Structures are given as structure tokens and as C-alpha cells.
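**Q** Take this structure first; my questions come after.
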Amino acid sequence: MAQGGDNWWRDGIFYQIYPRSFQDSDGDGIGDLAGILRRLPYVKSLGVDAIWLSPIFPSPMADFGYDISDYTGIDPLFGTMEDFDALLAAAHDNGLKLILDLVPNHTSSQHPWFVESRSSRDNPKRDWYVWRDPAADGGVPNNWLSEFGGSAWQFDETTGQYYYHAFLAEQPDLNWRNPDVRAAIYDAMRFWLEKGVDGFRVDVIWHLIKDAEFRDNPPNPHYVEGRPPNERILTQYSTDQPEVHDVIAEMRRVTDAYRDRVLIGEIYLPLHRLMAYYGNDLTGAQMPFNFALLSTFWSARSIETIVEDYEEALPKGAWPNWVLGNHDRPRVASRIGPEQARVAAMLLLTLRGTPTLYYGDEIGMHQLAIAPEDVRDPFEKNVPGIGVGRDGCRTPMQWDASPAGGFSGVRPWLPLPEDHIHWNVANLEADSRSILSLYRRLIALRKASPALVAGDYHPIAAQGDLLVYRREAEGTAMIVVLNLGPDPIAVTTSAIRFGSEILLSTFLDREGERLEGVLDLRGNEGVVVMQPHI
Ligand code: NOJ
């Protein structure tokens, strides 16, 4: 498939890099831009088309870069602007797009805007943030909760008001009803677009606008004991307000003023609300992230239902996308087990819609249990012991079997699992049937196949552990047959025509096999079958 042109983000495959954890080049135990540059040949060799970098901007790192103190700089931890320019140029030279993380909902409390805003009630930047008087009893202005535990309101002694923070107190929310805030963030976007970055993944985009009256959120009647405390109330008034779509349309106009850029939205919402983020007449985000696979029950019926519901809900002309892992959610290899991780890879790379891979999933990295003394994630520190910690999916990339996995020469900022001596790039590259080889083969197959990139999706079967669907374009049909369980299945669907050919098995040992009406699937096996021409 061609890489340039209007369709690149539809035809392409995205690869998320968490910069702290990809490659350390300066020996501080933390990944950096020069490290990513060094590993670019590896990224390229996967066959992906675009890299999304989690935040690399100056930050006190209270939330590891999602607390920005300067939108147009590079944090020294990650390198310099020259390092960034070199990475961008090298990415482009290699035919790779580069997507940055835009975090417009909140800044760091150390951002000069907030320092000014909190200095006095009549400071010109006062209204850039969300300030409210105390309630009549002196308490918090309303019942809104922080996603990271406790009230979302922080009292500020200097001026006697509370400010709102949907996340940490070190991450005050910007007031997106203020046009100057919008203009300032759009300027920051243009700074990077002028440099040639290919788009943005916009952090918590559904949070940007809050209820104008700051009404109390209703309780959550479905709260499950043991879940994070913020889930006790719904976010009816604190997120997903109708006016947010005007803001997103404005952002889109900013990116659309440049050629071939993409706007991706981070949105955790039910399907019908998610779809609104494509915007009226598709003037919103081109890719509102679809996180359905991150939390689905791993059964054929649930997955088929998710895919069908999503396909049906898509607005006319909207392009789908799928995500299997990210830096906030447990690793797929642990959620569904290492055997099924291979089947999940086949699912992700054969569905209709742009796939986003999370670094390390292609080598089967699993969720690491983090000892209390190694915890870094502020979410886990604030709400300990109930499994919300995100360190376990952010561990260093495992390049080789050396003590720090080839990631660093010193002790890394997060530990590596002991089994990285097996699950590492060097080892798995040498094994033509490894999960890494499977990812490469799947990516190559997808890219060579118009049916997989752009073809229609037709469900065929979802019974027990068996999931079957067809992708079809330009007179070619691919049948994807997935066994989501450990037991063998003899598949006799009429979709498996006499003479069909196996193009790929997740075990990488059946290519070219001709089928005679029956497909014997092994436990935990998935295959892509090409139907003979009709
Ligand atoms: C979503 C990001 O993905 C997450 O890592 C971060 O903690 C919050 N937004 C706050 O920025």
C-alpha cells in the first residue's frame, strides 16, 4: 500500500512508543529520543507506518509527562529539540509518520500559565483555569471526583478559591470555554505542525468542556465494590458536554490547514457517545480511539458483538480503528494469556480499521507485578492495592537477554521481568515462528492485501470458541478463522470452500495448505484463508 497521500492513516498501522521505556541512550535508566532514533530500524522492520510518542515535553513528571509545563519544548530527560528534529527527519526518511501526544485538558501546576493564574484573582490568566468559590460551608464546590482519587477540587490558600483537576492536583484543568486558552493551544499545535509532525493523539479529549453550571454528578448505581473510588459517581456533568464538539472541530481546522495530518482522540465512552467524536459531517477527530478490545470478555460471541455493534454505529463515511493495548491498561498477553496473544494479534491486524499496536506487545511482553518499593505510577500511589497501577504495562522494552534487557546500561526506572531472557527482540527475531515473526508476517499480509486493508467486513460465525469473518475487496475474499480456546475445532462452515488456501496460521507452519472443505484448527490457533476466485 502507498504510504503517502490522504489515506495514509486509514491504510496504515500505528505503533505507540512510551518514550521513557523504549531505549535509554544516555545512561540514566530512562528512555529518550536518541534511543528511539537508534531503534528506528527495528520499528521500520515491523512494517508499521506511524509512530505515536507519549509526551516528550518539559514536565515535572508528576504523571510522567502528562503534566506539561511547556507545550513547545522537549524535556531534557528526553533530549533536545535537535534530537527531536533528527528523529522526525529520520522517521520521514524511512517513510514513517510521527504523531505527538497533545495534552490540552490540563497543564502542569508548574506551567507559567498556572503560576500566573493562581497568583491573584485579577490576574489576566485567572480565567485560563477552572476556579470556583468554596461551597457555603467552606467545602468543595461540588461532588466531582479526581480520576486518580479524592476530590477533583484543590483549595488554594493565596486566593481563597478551589481549582479543578480531573487528574492529579499537579494537573489543573484548563478552561476551554476561554478563547485565549484555545488560541494558545492551537498555536502550540501549529508549532509542531510547522515542523512537519503528522498529527496528534489528543489526551482525554472528552474532558475538555465541563458543565457551565458545575452541577453535582449523579451517583453511579452500577458501582462495583473494589473498583476505583471515582467510579462511585458518574461523570455526567464533568465530561462529554455537547460544546466539546465545537472545540474539536476547531482543532480539526488547525490540523486540516496542513496536508495529510491526522487527529486522534482518546475517548473512553460507550459506543453511541463515542461516535459523536467523529463530529458533524466528520468534522471531528478522524480516529476517535476505539478501546472496545481493551476490556472485552474474550469470547467469540462478545468479540463478534463488539465488532458488529461498532460497524453498525459508525457514521456514514467514518473510518474504524482498533486498539489492543496502551500505557494505561494491562498488557494483552496477561489479560488473555500468552497463547491467545497470538490470536489477538491476528484479530487486530485483520479487522476493518486502522490498528494501533503498543510497543512490546509484538514480543509478548506481559503485565509485570510491581513490588511496592518499585511503584512509580501516581494513580497506584493514590489508590493503592486494587490493581489500578500502570507501571506493569510501562516496563522497559526487552531488546536482549542482558540484565537491563538492552534498554539501558544502568538500573532502569522500572524493573524488567526475569523472563525477558526469553521474551526479547534478539531471541524472538532468531525464531521464525515467534510472536514477533507472527506480527511481522501479519503486518506484511495486511499491507499486501486490499481485502484486509480496505475490504468489507462480514461476520460468519461466533460459536463457543470459534470466531469466523470474511474480509472482501476487489473480487478477493479472506476468511479469518480464530480459535479463542485451547481445544481443537474442526471447522466445516461453507465459507471454507474447496481449494481455499491458508495464507497464515498463528503458528506460522501451515502456509500454502489447500483445504478440502474442512479446516482443522488446533487449540489457540488462528488462520487467514484465501478463498479461491469465484
Ligand atoms: C490519559 C493518559 O493516557 C494517562 O496516561 C494520563 O494519566 C491521563 N490522561 C491524564 O493526562
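The values are calculated or read from the model by the stated rules, or taken from the named source; none is laboratory data. This is a predicted model, so every value here is computed, not measured. Don't worry about glycine lacking a Cβ; one is built from the backbone with ideal geometry, like all the others, and counts go over all protein chains shown. Ligands, DNA and RNA are excluded from the accessible area calculation, which covers all protein heavy atoms including side chains. Shrake-Rupley method; radii C 1.70, N 1.55, O 1.52, S 1.80 Å.
**Q** Quote the FRET efficiency, to the nearest 0.05, computed for Glu116 versus Asp487 with a Förster distance R0 of 51 Å and r equal to the Cβ-Cβ distance. Write down the numbers at each step before the final one.
**A** Values: r = 64 Å, r/R0 = 1.25.
Efficiency, rounded to the nearest 0.05: 0.20.
**Q** Once you order the gyration tensor axes a ≥ b ≥ c over the Cα atoms, which shape class does region 391-509 get: rounded for a/c under 1.5, otherwise prolate or oblate by comparing a/b with b/c? Each step should come with its number before you reach the end.
**A** Working: a/c = 2.69, a/b = 2.25, b/c = 1.20.
Because a/c hits 1.5 or more and a/b exceeds b/c, region 391-509 counts as prolate.
**Q** Based on Cα coordinates alone, diagonalise the gyration tensor for the chain, multiply each eigenvalue by 5, take square roots, and list the semi-axes in whole Å, largest first. Let's see the in-between values first.
**A** Numbers: eigenvalues 318, 131, 106 Å².
After diagonalising the Cα gyration tensor, the semi-axes are 40, 26, 23 Å.
**Q** So, one more: With a 1.4 Å probe and all protein chains left in place, how much of the accessible area of the chain comes from carbon and sulfur atoms, in whole percent? Intermediate values should be presented prior to the final figure.
**A** Values: 10200 of 20040 Å².
The nonpolar share, carbon plus sulfur, comes to 51 percent.
**Q** Round to the nearest 10 and give me the degree value, 0 to 90, for the angle of helix 179-195's Cα axis relative to the longest principal axis of the chain.
**A** 40 degrees
**Q** For region 76-87, take each phi angle, set θ = phi - 60°, evaluate the Karplus expression 6.51 cos²θ - 1.76 cosθ + 1.60, and give the result in whole Hz per residue in order, putting x for glycine and proline.
**A** Karplus-based 3J(HN,Hα) across region 76-87 equals x, 4, 9, x, 10, 5, 5, 4, 5, 4, 5, 5 Hz.
**Q** Could you work out how far the C-alpha centroid of region 342-410 sits from that of region 37-57, in angstrom?
**A** 16 Å
**Q** Just to confirm the number: angle between the C-alpha axis of helix 338-350 and the first principal axis of the chain, 0 to 90 degrees, nearest 10?
**A** Value to nearest ten degrees: 90.
**Q** How high is the relative contact order of the chain, in percent, with contacts defined as C-alpha pairs under 8 Å that are six or more residues apart?
**A** Details: 1131 pairs, mean separation 64.8, N = 534.
Relative contact order, the chain: 12 percent.
**Q** Something else now. So for region 275-366, averaging the separation of alpha carbon pairs under 8 Å that are six or more residues apart and normalising by length, what relative contact order in percent results?
**A** Values: 103 pairs, mean separation 26.1, N = 92.
In percent, rounded to a whole number, it is 28.
**Q** Over region 278-376, what portion of Cα pair distances is larger than 18 Å, expressed as a whole percent?
**A** Details: 2470 of 4851 pairs.
When every Cα pair of region 278-376 is considered, 51 percent fall beyond 18 Å.
**Q** Which log10 I(q)/I(0) values, to two decimals, does region 130-269 give at q = 0.09, 0.16 Å⁻¹ under the Debye formula with one point per Cα?
**A** For region 130-269, the Cα-only Debye profile gives -0.33, -0.91.
**Q** Name the longest site-free stretch of the chain, where the excluded sites are chymotrypsin sites (Phe, Trp or Tyr not before Pro) in a DSSP loop with no more than 10 other beta-carbon atoms within 10 Å. Let's see the in-between values first.
**A** On the way: sites that count: Phe297, Phe498.
Looking at the chain, 1-296 is the longest stretch - no exposed chymotrypsin sites (Phe, Trp or Tyr not before Pro) with at most 10 other Cβ atoms within 10 Å.
**Q** On to the next question. Subtracting the Cα-Cα distance from 0.36 nm times the residue separation, let me have the gained length for Tyr258 to Asn7 in nm, one decimal. Numbers along the way, then the final one.
**A** Details: separation 251, 0.36 × 251 = 90.36 nm, distance 1.46 nm.
Result: 88.9 nm gained on full extension.
**Q** Another one. At 37 °C and 0.692 mPa s, grab the translational diffusion coefficient of region 1-95 from Stokes-Einstein with a Kirkwood Rh over Cα pairs, rounded to a whole number in µm² per second.
**A** Working: Rh = 14.0 Å.
Value of D from the Cα-based Kirkwood radius: 235 µm²/s.
**Q** Taking the Cβ of Ser437 as the center, what net charge do the other residues with Cβ under 9 Å away carry, scoring Lys and Arg +1 and Asp and Glu -1?
**A** On the way: positive: Arg433, Arg440, Arg441; negative: Glu429, Asp431.
Summing Lys/Arg as +1 and Asp/Glu as -1 gives +1.
**Q** Averaging sequence separations of C-alpha pairs under 8 Å and six or more residues apart, then dividing by the length of region 367-446, give the relative contact order as a whole percent.
**A** RCO, region 367-446: 22 percent.
**Q** Classify region 330-425 as rounded, prolate or oblate, taking a ≥ b ≥ c as the square roots of the eigenvalues of its Cα gyration tensor: rounded when a/c is under 1.5, otherwise prolate if a/b is larger than b/c and oblate if not.
**A** oblate
**Q** Measuring with a 1.4 Å probe in the full set of protein chains, what accessible area per residue, in whole Å², belongs to the chain?
**A** Details: 20040 Å² over 534 residues.
Heavy-atom SASA per residue in the chain reads 38 Å².
**Q** For helix 435-448, report the angle its Cα long axis makes with the longest principal axis of the Cα atoms of the chain; keep it between 0 and 90° and round to the nearest 10°.
**A** 80 degrees
**Q** Let me ask something else about it. Compute the Rg to Rh ratio over region 29-76 from the alpha carbon atoms, using the Kirkwood formula for Rh, and round to two decimal places.
**A** Values: Rg = 12.6 Å, Rh = 12.1 Å.
Over the Cα atoms of region 29-76, Rg/Rh equals 1.04.
**Q** Just in region 148-250: which GluC sites (Glu not before Pro) are loop by DSSP and have at most 12 other Cβ atoms within 10 Å? Don't jump to the answer; show the numbers that get you there.
**A** On the way: sites: Glu157, Glu170, Glu194, Glu213, Glu225, Glu231, Glu243, Glu250; in loops: Glu157, Glu170, Glu213, Glu225, Glu243.
Those that pass, being in a loop and sparsely packed, are Glu157, Glu213, Glu225.
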